[in-house]
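Only one structure is covered here, and it is reproduced in the block below.
The values are calculated or read from the model by the stated rules, or taken from the named source; none is laboratory data. None of the values given here were measured: they were computed from a predicted structure. Counting neighbours? That spans all protein chains shown, and the Cβs are built from the backbone with ideal geometry, glycine included.
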Amino acid sequence: MAQQALPVMYDAQAINSGLTPAGEVFMRADWDTLKSLPYSPGHARVYTNTYNAGKQWTQCPRSFLKKVIKKAEEYNLRIKAAFENEFYLLKLKDGIMQLFDQSLFAQTYALDNANLIIKDITDALSAQSVYPEMLYAESGSGQFEIPVRYTDTLAAADQQITFRETVRGVTQKFDDVIASFVPKIFSDKAGSGAHLHFSLWENEKNITADFKDIKKISAKAQSFIAGILFHLPALMCLTTPTANSFKRIKPRFWSGTYKCWGYGNREAAIRIPETDDNNPITNIELKTVDPTCNPYLALGAVITAGLDGLEKKMKLGDSVNKDPADLTKDELHENNINLLPSNLGLAIEHLRKDKTILDMVGSDLAKSFLAVRDAEWLAMKDFSVEQEAKLLLERY
């Protein structure tokens with residue numbers, strides 16, 4: 001049981017987790033998720049739910065997400081989602097890290113140079129029914145983004161684990177090359193996020209767009225987004241859960257530093273991707289998410305916040321269609337635009353005060369999760385980016 005409370009720095013239980021070295025829990029396979037691993041012949045992966053004394057363990061993140069899915073069904077609502085991951089390819093030899101190349105954003109040279117690795121990654125993902133939809137070189141040298149096809153809620157969280165493990169598993173076959181999902185490896189280069197794209201469905205119909213004006217979001221989507229924005233300072237403890245995560249979230253870096261939303265606005269925490277011609281809006285993007293998150297907790301908490309917005313019929317403020325960093329303090333105040341937490345410590349404080357999120361997570365899981373966050377914040381709050389990267393590089 002105590003392994004649930006291990007921080008990233010060492011194999012020792014975080015204090016005040018509520019867990020002890022005594023006792024056992026048992027994993028039960030969800031056999032529908034069984035897949036052979038194309039990059040590791042003879043191996044296979046299956047996702048599991050954790051049980052204690054014959055009942056779903058209160059600390060099981062996957063069971064938490066299943067509970068949230070049932071809650072959404074009470075609103076006749078299904079959520080479909082996908083995480084949009086960025087990662088770096090790096091050269092690592094004798095403990096010395098180097099850039100994979102000197103490429104720039106969208107430079108085709110980066111794709112050509114990494115062709116063998118990227119092709120193996122996309123082939124391996126497709127073989128596991130995780131379907132890449134795009135590929136491009138990101139802003140950092142040797143950094144890539146591979147958006148994948150959306151799917152149902154639980155499968156979206158499962159495939160996020162599949163994505164991370166596949167990228168790292170494929171890359172390790174190449175001499176002196178690794179892949180890393182650490183949010184901020186270099187202080188002077190772009191960070192890596194895992195933006196969460198999701199859509200709202202009723203009876204197999206996407207209801208994200210307003211059917212009377214397909215270039216606008218529906219009333220339900222508005223309340224859902226309002227709920228997420230209301231709870232976002234607390235949610236960030238789950239969606240950007242490391243001290244390093246907050247080094248990525250800075251103004252003018254398209255990372256969602258401000259608590260606001262906008263159509264096509266890449267500086268807003270929530271962006272509504274715009275569509276061409278007569279195609280309706282299809283999905284919503286939450287930018288304050290990165291690959292270090294537990295996808296079951298992150299996705300479950302985001303949906304919980306959205307459902308709270310629906311339950312309370314929260315009103316969504318006006319769309320922000322300019323960079324909030326260009327607004328004066330008076331303009332920010334007038335439009336109710338606030339900076340989001342700037343470090344993990346502040347996000348922890350917000351989560352501790354958020355009864356809605358904590359009640360859905362459950363007291364046992366919330367206690368162990370916060371104990372780990374506390375331990376990591378205490379240990380790494382004064383680390384430089386370089387110190388964090390050295391510790392985390394091959395752990396994420």
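Key figures for this structure:
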read-out: Of all residues in the range 180-209 being touching a residue at least 24 places away in the same chain (Cβ under 8 Å) and within 14 Å of PRO280 (Cβ to Cβ), the one that is surrounded by the most Cβ atoms within 10 Å (Cβ to Cβ); value: LEU200
read-out: One residue from LEU116, LEU65 being among the aliphatic types (A, V, I, L, M), surrounded by 15 or more Cβ atoms within 10 Å (Cβ to Cβ) and at pLDDT 95 or above; value: LEU65
read-out: Among residues of the range 23-37, those that are charged (D, E, K, R), outside any loop (DSSP other than H, G, I, E, B) and over 22 Å from ASP120 (Cβ atoms), counted; value: 2
read-out: Extreme residue, nearest to the chain's Cα centre (by Cα), among residues of the range 259-305 that are among the aliphatic types (A, V, I, L, M) and in a strand (DSSP E or B); value: LEU286
read-out: The range 128-140 - residue that is in contact with a helix residue (DSSP H, G or I) (Cβ under 8 Å, 6 or more places away or on another chain) and within 26 Å of ILE185 (Cα to Cα) and, of those, surrounded by the most Cβ atoms within 10 Å (Cβ to Cβ); value: ALA137
read-out: Selection count where residues are in a strand (DSSP E or B) and among the aliphatic types (A, V, I, L, M), scope the range 75-110; value: 9
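Listed here are the residues, each with its yes/no results for (1) surrounded by fewer than 20 Cβ atoms within 10 Å (Cβ to Cβ); (2) modelled with pLDDT of 95 or more; (3) in a helix (DSSP H, G or I); (4) among the hydrophobic types (A, V, I, L, M, F, W, C).
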site	(1), (2), (3), (4)
ASN336	yes, no, no, no
SER342	yes, yes, no, no
GLY345	yes, yes, yes, no
HIS350	yes, yes, yes, no
ILE357	no, yes, yes, yes
ASP364	yes, yes, yes, no
LYS367	yes, yes, yes, no
ALA375	no, yes, yes, yes
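Here's the yes/no breakdown for (1) at pLDDT below 95; (2) part of a loop (DSSP other than H, G, I, E, B); (3) out of contact with any helix residue (DSSP H, G or I) (no Cβ under 6 Å at 6 or more places or on another chain):
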position: GLN3; (1), (2), (3): yes, no, yes
position: PRO7; (1), (2), (3): yes, yes, no
position: GLN13; (1), (2), (3): yes, yes, no
position: GLY18; (1), (2), (3): yes, yes, no
position: PRO21; (1), (2), (3): yes, yes, no
position: TYR39; (1), (2), (3): no, yes, no
